[in-house]
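A.B. asks: Take this structure first; my questions come after.
The values are calculated or read from the model by the stated rules, or taken from the named source; none is laboratory data. Because the structure is a prediction, the values reported are computed rather than measured. Methodologically, a virtual Cβ is constructed for each residue, glycine included, from the backbone with ideal geometry; neighbour enumeration extends over all protein chains shown.
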Amino acid sequence: MSDLTAYDFLGLKPTATPEEIKRAYRHATKIYHPDSAASNGGNTAMFNRVKEAYEILIDPEHRRRYDSLINETIPPREPEPPTRSQQTGPVRSTQGTGDPVKETTRRAYRREEMKWRLIKWGAGLFFVYLLLSRVVAEIHGYLAGLLH
């Protein structure tokens with residue numbers, strides 16, 4: 001699965017409960033499913049990786065073996081930055097956290113939001129076009145009646 005762990009693909013910590021794993025899996029499949037509108041037709045490769053990660057983590061025996069394997073091959077991670085409640089300085093932005101799944105999810109939601117804005121904008125322009133064409137037709141009919 002590349003250098004990312006199964007936990008990374010689901011955006012989880014290694015201490016995640018089965019309920020958290022299921023919730024993260026459902027969330028990720030909504031984004032990456034091949035039939036999903038959220039990512040322009042889905043991302044089949046990412047969907048398969050998320051599915052594989054879920055299958056590993058949801059089965060306790062597979063998860064135990066996987067955890068022992070990644071503990072041998074992956075060096076320990078640096079401690080996570082303090083949460084907002086633990087910070088003593090000014091509040092920092094959460095964008096650009098470096099978590100590839102969260103970044104991809106955030107980008108997919110932004111794309112979806114932009115698509116809906118464009119659809120609404122386009123519908124508004126079409127309505128204005130219909131209204132103006134109706135007004136022009138009325139003016140044309142009025143002027144034609146005056147000339148005849």
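A.B. asks: Among (1) at pLDDT 80 or above; (2) not aliphatic (A, V, I, L, M); (3) not in a helix (DSSP H, G or I), where does E138 come up short?
C.D. replies: (3)
A.B. asks: Something else about it: Output the residue which, of all residues in the range 57-80 that are loosely packed, with under 10 Cβ neighbours inside 10 Å and modelled with pLDDT under 80, is nearest to the chain's Cα centre (by Cα).
C.D. replies: E80
A.B. asks: Continuing with the same structure: Within the range 19-39, restricting attention to residues that are outside any loop (DSSP other than H, G, I, E, B) and surrounded by fewer than 12 Cβ atoms within 10 Å (Cβ to Cβ), which residue is modelled with the lowest pLDDT?
C.D. replies: Residues of the range 19-39 that are outside any loop (DSSP other than H, G, I, E, B), as a first pass: 19-32.
Add one more test, that the residue is surrounded by fewer than 12 Cβ atoms within 10 Å (Cβ to Cβ), and what stays is 19, 26.
Values: E19: 92, R26: 89.
Among them, the one singled out is R26.
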